[in-house]
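As structure tokens, the structure follows; a few thoughts come after it.
The values are calculated or read from the model by the stated rules, or taken from the named source; none is laboratory data. Owing to the predicted nature of the structure, the values given are computational and were not obtained by experimental measurement. No Cβ is skipped: glycine too gets one built from the backbone with ideal geometry, and neighbour counts run over all protein chains shown. All accessible areas refer to the heavy atoms of the entire protein, side chains included, with ligands and DNA or RNA removed. Shrake-Rupley method; radii C 1.70, N 1.55, O 1.52, S 1.80 Å.
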Amino acid sequence: MTDTVITKLPMKRIFRKAKFATFIPKGITKIPTSKKAVISDLFLLRNDLNWKTEFELLNVRGLIEGNNKVQPGDEATFWFFDRDGIKLGEQQIAIPDVGRFTIKFADFVDAKFRNAKTFAVFHTKVPSVDILDQSYLAERGYTGYEYFGVGLKGYVHGNLDAVALADNKLEMLGNAGLMQRRYTVQHELTGPAEYEFFFTNPTARSQRIVGYTRAASGKFTRIGKLNLKSRGSGKFQVKVAAGETSRFQIKSRLYLGRPVVFRVADQTMDVFHG
């Protein structure tokens, strides 16, 4: 007779399996409901005394077809939202007959959009469904940020598929779980510098984000919280003194709580994903 050995899983492993079962059943983003949908990232817009924002608009049809051609009527539609995710309006721009065209928001944006904090870009007229072959066209291009007085620009790529548009209706694609999780920005904060961590909310519901710093000693300090409306944005600010290092961490229900990070130090700036 063969003895049966029953091995009990440690509680830590049981909790870990339960946590992943709760966190991972959904994808980081949803699939749009409509097959006709076009997708955009939820881009961050900064236009104030210190910052200017640009966007690199591409000839998507030319890229897909490989000939750089533009058809009559090809255009992109920019949707603008305020810090609470409320739509301020739309603005269309014709697709240029060049490979890339820089949109300077300080010159391009209508005055009624001056309070915009996020935006989406939808290629509603191009390309055709036949070209896409049952996939979705997504705009996750490059946004450029210029800091006043430095004379340099930093560029950051789109973060994830966030907003779908079909029949002039928006659908948020971001996912969030039932349980909160912690996310630590990989970049080590070094001084002297001032950091700004911007978050956008790609989900259909409001999200609460709590921010922490962790000193070299390992001590955590809570620095505040954000209550982000759908399509809205908010930020945490952290100053790091000369000779010091720190880490930045958040706690939220977002599946991908990755911020856009701005670092400003003596006549230098940088922008990147956390």
Q: Can you work out which of the residues in region 204-221 that are crowded, with 19+ Cβ neighbours inside 10 Å and in contact with a Leu (Cβ under 7 Å, 6 or more places away or on another chain) is nearest to ALA265 (Cα to Cα)?
A: ILE209
Q: Working only within region 119-136, note down all residues that are in a loop (DSSP other than H, G, I, E, B), at pLDDT 80 or above and open to solvent by less than 20 Å² (accessible area, probe 1.4 Å).
A: HIS123
Q: May I ask you to list the residues in region 137-159 that are surrounded by 18 or more Cβ atoms within 10 Å (Cβ to Cβ), assigned to a loop (DSSP other than H, G, I, E, B) and not polar (S, T, N, Q)?
A: LEU137, GLY141, GLY158
Q: Look through LYS169, LYS229 and report the one residue that is open to solvent by 60 Å² or more (accessible area, probe 1.4 Å), at pLDDT 95 or above and on the phi < 0 side of the Ramachandran plot.
A: LYS229
Q. Among the residues of region 241-260, is there at least one that is part of a strand (DSSP E or B) and within 14 Å of the chain's Cα centre (by Cα)?
A. yes
(Q) Here's a check for you: in region 77-118, which residue that is among the aliphatic types (A, V, I, L, M) and in a strand (DSSP E or B) is nearest to TYR142 (Cα to Cα)? (A) ILE103
